[in-house]
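The values are calculated or read from the model by the stated rules, or taken from the named source; none is laboratory data. For clarity, every value in this text was computed on a predicted model and none was experimentally measured. Note: ideal-geometry Cβ built from the backbone for every residue, glycine included; neighbour counts use all protein chains shown.
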Amino acid sequence: MSAGPTDPVETVPPPDAPPEMGLDAAALAERFLIKGDHANLWFEGGGDALVVSFDNLATIDEGWPRGPWAWKRLQPMGHSVLGVQSHAKDWFRQPTAPALLRGLEERGFFRRFRRVVLTGASMGGFAALNFAPLIPEARVLAFSPQSTMNKAIAPFEQRFPFAVKRSNWEGMPFLDAAAAVPYIRRAVVVHDPMVPEDRAHAARLAGPNVQLVRVPFCTHEAIRVVLKTGTFPLLINALIDGDGAGAEFWQAFRARRGVTKWQRAVLAAAANRGRHQLAIRAAEVMLRLGADLPDEDKVFIRRAKRGAADALKAGAG
């Protein structure tokens with residue numbers, strides 16, 4: 001998940017691995033690494049708020065050591081960070097991660113912090129929701145989370161077949177994140193409602209304690225658009241200092257109009273729906289917004305505009 005060209009956190013290096021230790025010592029330490037059979041916990045102490053971040057399918061491919069998920073974005077914010085790192089693309093459907101989190105809770109680790117926020121994207125969002133009840137009063141910020149990958153519970157979900165086939169989706173506990181939602185103090189679920197699977201999962205996760213943040217044209221990888229717009233810190237702090245995303249986030253998130261992933265999705269949707277005039281107008285706005293960008297960064301916009309113009313001419317003929 002690359003940072004934008006003006007994103008200062010692009011210069012933040014990953015930390016060296018902290019000292020390895022057991023649960024008893026870790027509960028009091030300022031840095032630690034706990035290695036388990038199926039998952040690790042990597043902690044970097046900082047401020048009096050703690051962000052617990054979970055791996056997703058993509059980050060597992062980065063190898064080891066890789067630091068906590070979203071470390072480059074979280075470290076400049078000054079919060080403490082606990083990375084929950086799976087050894088496999090298993091949606092944390094394993095005994096190690098919940099056992100380690102329970103072990104830290106029993107030893108008072110989470111009571112060191114005034115606020116705890118669990119966060120992750122896709123697989124990581126599923127885990128953040130699922131494990132939040134293990135930490136009293138924890139909040140959750142989940143990006144495009146699955147509620148479950150169990151085919152009987154969520155028959156609409158057919159994505160990631162290879163990873164799902166290799167992971168365990170039978171039996172409790174932690175089978176269905178929707179079952180955890182009533183026991184979470186507050187959750188914010190960011191998703192693209194135009195992605196049918198993500199919309200269906202979000203519907204299953206809805207509740208009075210859940211804020212559904214709908215971000216159309218951001219795709220299943222909505223986290224990438226959030227990172228590019230620089231609004232990830234706003235969402236984290238919205239849960240550390242309050243209970244959800246507000247006007248400040250939406251004002252800053254207008255920057256999505258200059259994000260390539262969002263632009264491509266808008267133009268593709270207009271073309272797929274035969275809205276050629278809309279595609280032309282959208283392309284013209286994108287070209288104005290990106291007037292200072294190199295020409296190679298605007299090729300796909302010009303191509304979409306020409307395609308829409310050609311389609312209009314063909315229709316008129």
Does the stretch 242-271 hold any residues that are assigned to a loop (DSSP other than H, G, I, E, B) and in contact (Cβ under 8 Å) with a residue 24 or more places away in the chain, and which are they?
Asp243, Gly244, Ala245, Val259
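Just one of Gly103, Gly108 is touching a residue at least 60 places away in the same chain (Cβ under 8 Å), in contact with a helix residue (DSSP H, G or I) (Cβ under 8 Å, 6 or more places away or on another chain), surrounded by fewer than 20 Cβ atoms within 10 Å (Cβ to Cβ) and within 17 Å of Phe32 (Cα to Cα); which is it?
Criteria check complete, one pass: Gly103.
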Considering the stretch 116-140 alone, what residues qualify as being closer than 20 Å to Gly45 by Cα and either part of a strand (DSSP E or B) or outside the structural domain of Leu104 (by TED's automatic domain parsing) (or both)?
Val116, Val117, Leu118, Thr119, Gly120, Arg139, Val140
For Thr59, the lone unmet condition from (1) within 24 Å of the chain's Cα centre (by Cα); (2) modelled with pLDDT of 95 or more; (3) within 29 Å of Lys165 (Cβ to Cβ); (4) not aromatic (Phe, Trp, Tyr) is (2)
Determine which member of the set Ala222, Ala200, Ala206 is surrounded by fewer than 20 Cβ atoms within 10 Å (Cβ to Cβ), assigned by TED's automatic domain parsing to the domain that holds Phe143, farther than 23 Å from Pro136 by Cα and not hydroxyl-bearing (Ser, Thr, Tyr).
Ala200
Scanning for something in a strand (DSSP E or B) and in the same structural domain as Arg224 (by TED's automatic domain parsing), does the stretch 94-109 turn up at least one residue?
no
Select from the stretch 15-33 the residues that are touching a residue at least 24 places away in the same chain (Cβ under 8 Å), surrounded by 14 or more Cβ atoms within 10 Å (Cβ to Cβ) and not in a loop (DSSP other than H, G, I, E, B) and list them in ascending order.
Leu23, Ala26
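Let's see how each residue does on (1) small (Gly, Ala, Ser); (2) without any contact (Cβ under 8 Å) to a residue 24 or more places away in the chain; (3) in contact with a helix residue (DSSP H, G or I) (Cβ under 6 Å, 6 or more places away or on another chain); (4) buried (at least 24 other Cβ atoms within 10 Å of the Cβ):
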residue: Phe92; (1), (2), (3), (4): no, no, yes, yes
residue: Phe113; (1), (2), (3), (4): no, no, no, no
residue: Leu118; (1), (2), (3), (4): no, no, yes, yes
residue: Ala128; (1), (2), (3), (4): yes, no, no, yes
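Which residues, taken from the stretch 150-197, are in a helix (DSSP H, G or I) and either crowded, with 22+ Cβ neighbours inside 10 Å or hydroxyl-bearing (Ser, Thr, Tyr) (or both)? Before you say what the answer is, go through the steps one by one.
Going through the stretch 150-197, the residues in a helix (DSSP H, G or I) turn out to be 161-165, 177-183, 196-197.
Correct list: Ala177, Ala180, Val181, Tyr183.
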Complete set of residues in the stretch 282-295 that are under 17 Å from Ala309 (Cβ atoms) and either in contact (Cβ under 8 Å) with a residue 24 or more places away in the chain or surrounded by 14 or more Cβ atoms within 10 Å (Cβ to Cβ) (or both):
Ala282, Ala283, Val285, Met286, Leu287
